[in-house]
Amino acid sequence: MKKLSVVVITNNEERNILRCINSVKEVADEILVIDSFSTDRTTEICKNEGCSVISHSFEGYGQQKQFGVNQAQNDWILSLDADEVVTEELQKEIKTLLKQDELPHAGYSIPFSLFYLGRILRYSGTGKEFHLRLFDRNKGNFTLVKVHEGLQMKGSIGKLNGKIIHYSYRDLFHHLQKLNTYTSQAAEDYFANGKKFSKAWIIFKFPVSFFVFYFIRLGILDGFPGLLWSFFAAFYGSLKVAKTIEMQERR
């Protein structure tokens, strides 16, 4: 049976971390928390729950997650954020999978559901998302980017059925805070890689993106939360373009 390390990155996540930890206790042989010097009770909660905790300065999401992977005791890794929860169905599926002597794939993509403004969104571009989170670290590594990191794998990728529930935003204020942070990080990556945008694109980016999220991806069927999600998703795309242009003009 393969052993599993669950690697979680944290920073001031006392509201979320216990829910995350409790969702993986039945499947994890190790829960490793990489904390970027939280000032709340995050590390205290983790240590009380028997997790291993390492403090490490935050350089970017890809860098932080890869650092955690490198420190883990086991080769099979489940990478989680503190605001994510593994469902019971996924727990059982992972347990069954890891009992095999040889797993058929190098990694596994997991379906995600977003909990937003009191409900799980079924549409809005979020209902069919899969993210590669369970993998053999000998066959893959995280891309070293500040935001929207991914895994580069050598080998085939399978799909699981059990879900991860993402409790990403406490409220609209929190959503706006994250948008501001993520768009700045995305713009920094664009700027560093020499990506350029026309100012005229900002005019079209928002309405086009909103139309896609609300009508084509059926955010309209998710009610008021779907409307707001589509609005902020479109705003995100426009804001990161605007911030990139701002950086270019400051050169």
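The values are calculated or read from the model by the stated rules, or taken from the named source; none is laboratory data. Given the structure is predicted, the values throughout are model-derived calculations rather than measurements. Note that we place each Cβ from the backbone using ideal geometry, even for glycine, and neighbour counts take in every protein chain shown. What goes into the accessible areas is simple: the full protein's heavy atoms, side chains included, and nothing from ligands, DNA or RNA. Shrake-Rupley method; radii C 1.70, N 1.55, O 1.52, S 1.80 Å.
For the range 4-112, GluC sites (Glu not before Pro) are listed when DSSP marks them as loop and at most 11 other Cβ atoms sit within 10 Å of their Cβ; the list is GLU102.
Give the relative contact order (percent, whole number) for the chain; include only Cα pairs under 8 Å separated by 6+ residues. Can you show the working numbers first?
Working: 485 pairs, mean separation 47.5, N = 251.
The value is 19 percent.
Would you mind calculating the relative contact order of the range 2-47 from Cα pairs under 8 angstrom and at least 6 residues apart, reporting the percent as a whole number? Intermediate results must be reported in sequence, preceding the final value.
Numbers: 63 pairs, mean separation 24.8, N = 46.
Computed over the range 2-47, the figure is 54 percent.
Mind listing which chymotrypsin sites (Phe, Trp or Tyr not before Pro) in the range 1-65 are in a DSSP loop and have 13 or fewer other Cβ atoms within 10 Å? When the chymotrypsin sites (Phe, Trp or Tyr not before Pro) of the range 1-65 are filtered for loop state and at most 13 Cβ neighbours within 10 Å, PHE37 remain. The range 65-127 and the range 202-248 have Cα centres lying 27 Å from one another.
Once fully extended, how much extra length lies between HIS131 and GLU89, figured as 0.36 nm per residue of separation less the alpha-carbon to alpha-carbon distance?
Separation in residues times 0.36 nm, less the Cα-Cα distance, equals 13.5 nm.
Each listed q (0.18, 0.22, 0.25 Å⁻¹) maps to a log10 I(q)/I(0) for the range 1-91, found by the Debye formula over equal Cα scatterers with no solvent: -0.71, -1.07, -1.37.
So, with a 1.4 angstrom probe, what is the percent of accessible area on the chain that is carbon and sulfur? Present the calculation step by step, with values, prior to reporting the outcome.
Details: 6640 of 12860 Å².
That share works out to 52 percent.
Using a probe of 1.4 Å, the accessible surface attributed to SER52 totals some 50 Å² when neighbouring protein chains are kept in position. Of the trypsin sites (Lys or Arg not before Pro) in the range 53-139, the ones in a loop by DSSP (not H, G, I, E or B) with at most 12 other beta carbons within 10 Å are LYS99, LYS128. Taking 0.692 mPa s as the viscosity and 37 °C as the temperature, the Stokes-Einstein diffusion coefficient of the range 34-139 based on its alpha-carbon Kirkwood radius rounds to 205 µm²/s.
In the chain, the longest principal axis of the Cα atoms and the axis of helix 61-71 are about 10 degrees apart. Relative contact order of the range 102-170, taken over Cα pairs closer than 8 Å and 6 or more residues apart, is 47 percent. By the helix-only formula, in which each DSSP H run with n ≥ 4 contributes -39500 (n - 2.57) and the sum is divided by residues, the chain has a 222 nm mean residue ellipticity of -12500 deg cm²/dmol. Given R0 = 22 Å, the distance between the Cβ atoms of PHE224 and LYS178 translates into a calculated FRET efficiency of 0.65. Looking at the chain, the accessible area is 51 square angstrom per residue; that uses a 1.4 Å probe and ignores ligands, DNA and RNA. Counting only alpha carbon atoms, the long axis of helix 223-249 and the longest principal axis of the chain meet at about 70°. Isolated cysteines in the chain, defined as those with no second cysteine Cβ under 4.7 Å, comprise CYS20. Heavy-atom accessible area, probed at 1.4 angstrom with all protein chains present, ranks LEU97, LEU117 as LEU117, LEU97, highest first.
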